[in-house]
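Following: one structure in structure tokens, then a few remarks.
The values are calculated or read from the model by the stated rules, or taken from the named source; none is laboratory data. Just so it is clear, the structure is predicted and the values come from calculations on it, not from any experiment. Glycine gets a Cβ as well: all are built from the backbone with ideal geometry, and neighbour counts include every protein chain shown. Only protein heavy atoms, including side chains, enter the accessible area calculation; ligands, DNA and RNA are left aside. Shrake-Rupley method; radii C 1.70, N 1.55, O 1.52, S 1.80 Å.
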Amino acid sequence: MRHIRGARLSCFGCGVCENTCPVHAIGMQEDCMGFLYPQVDDSVCISCGKCLRECPDEDKARESVFNNPDNYYGVRLKSQEVLSKSQSGGAFGAVAEFVIGQGGVVYGAVFDNECRVTHIGTDTKEGLELMRGSKYVQSKIVDCLDNIKQDLANGKTVLFSGTPCQVAAVKLHISKKFQERLILVDILCHGVGSPAVWSSHVRGIEYKEGQKIKAAKCRDKSISGWHGFTENLLLADGRSIHSDEYTEIFMKQIAYRQSCYQCPFANIHRVGDITIGDLWGVEKTKLAKEASDEKGMSLLMINTEKGKHVFMEAKEYLHYTEMTQSDIMQPRLKRPSEKNPLRDKFEVWYDKDGLGYALKRWGYYKGVDKVKLKVMGLFPTSVRKQILSIKNKISGTK
């Protein structure tokens, strides 16, 4: 049969194969970590090969999606109010607001009412608020693919922002006759975290506190600065819970999707019209002084003529400085994240008896961690913020 493999070690879980199958022979199913994989009903499949032509896991299909960057910028929003809500320098906000201002639609990742991460579309500035900030969890894009195609067919400009594998999937899936109005923004990605592990983390805090979490930030720079990696979870009663549990799981690369460890998109060649991310290493560049206030600095890469046009229109919202390629080089522009040696065991532990058991077997609850948390609790917030900032400057960009 001629259809996608859905290989566990290489499938990205985008769901384009399910959406494009003309006979509905493909469905997406979750594994124990919450990652989606295609299941093909061979009795229904007609071997048309359409899923193969649009699959970013297929070498032949993937060859057509890469661009070579032309320009690199360090950018920061002029609006201090919006900058404070953004994860780094607010590059996404500037591009997205331009598209909204032109009557377009922006698709990006949000937390839903259950703190799950999914992609939605919005044509309002209010809707963009939900898309701001990092989500260290794989989002689900398959449910918005039909909406993207419908918006394009209706003559609207569409901006899609996502991980490089998601952007590649959309690029391969959307008909070339509509791509002139499709603006693709890929993010610098370390890897996508487990939806199931994130959900277990959230549910555990809700159980302990006896109430729902109504909003989440995987990184809140108001707590520990731009270099910080402290979660801020807002409870229904208005209290905030600060945690490093899931962040530690993410930063130690122990619960990424398997394909992330051999990601073909972790290099200088980009799939989007524009690439955005944190400008890690900025302290070694001419923007070191400007970035020292810990308010955040974004990297923005121009990869196509379309991307250049969008930047020229959106730059009125930004302070920007042109950089060299050597200025902006960082690990995820060179190679994928390394697989944690305990990654596969962590999955077995989690599947066997849940997150608490997996964390215990991994060693998260070691005595040294408990002492560290107790000692940190003795310091006022301002001092903790400085300590966390220094710690994450040392370890957060590796």
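Structure data summary
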| read-out | value |
| --- | --- |
| Residue-level accessible surface for Met323, protein heavy atoms, 1.4 Å, Å² | 10 Å² |
| Residue-wise HN-Hα coupling along the stretch 132-138, computed from phi with Karplus coefficients 6.51, -1.76, 1.60 (Hz; x: Gly, Pro) | 6, x, 6, 10, 8, 9, 5 |
| Eligible aspartates and glutamates near Lys352 by straight Cα distance, threshold 15 Å, same-chain separation 8 or greater | Asp31, Asp344 |
| The stretch 300-366 and the stretch 31-71: distance between their alpha carbon centers, rounded to Å | 22 Å |
| For the chain, built as a Gaussian network whose Cα springs stay under 10 Å, the top-fluctuating residue of His309, His173, His227 | His309 |
| The chain, dipole about Cα centre (Lys/Arg Cβ +1, Asp/Glu Cβ -1), debye to the nearest 20 | 1100 debye |
| Built amide H within the under 5 Å cut-off of Gln87, gap 5+ | Gly133, Ser134 |
| Unit charges on C-beta of K, R, D, E only; dipole of the stretch 137-246, Debye | 340 debye |
| Accessible-area value, Trp226, 1.4 Å probe, nucleic acids and ligands omitted, Å² | 0 Å² |
| Residue among Ile4, Trp226, Val82 farthest towards the positive dipole end of the chain, charges placed on Cβ | Trp226 |
| Accessible area of the chain divided out per residue, in Å², using a probe of 1.4 angstrom | 45 Å² |
| Accessible area, probe 1.4 Å, largest first, for residues His119, His242 | His242, His119 |
| Unsatisfied cross-links (Cα-Cα over 20 Å) in the set Lys140/Lys217; Lys50/Lys177; Lys217/Lys345; Lys221/Lys289; Lys50/Lys135; Lys135/Lys295 | Lys217/Lys345; Lys50/Lys135 |
| Prolate/oblate/rounded call for the stretch 152-233, Cα gyration tensor, a/c under 1.5 rounded | prolate |
| Accessible surface of Cys189 - all protein chains present, 1.4 Å probe, nearest 10 Å² | 40 Å² |
| Percent accessible area from carbon and sulfur atoms, the stretch 70-187, protein chains only, probe 1.4 Å | 44 percent |
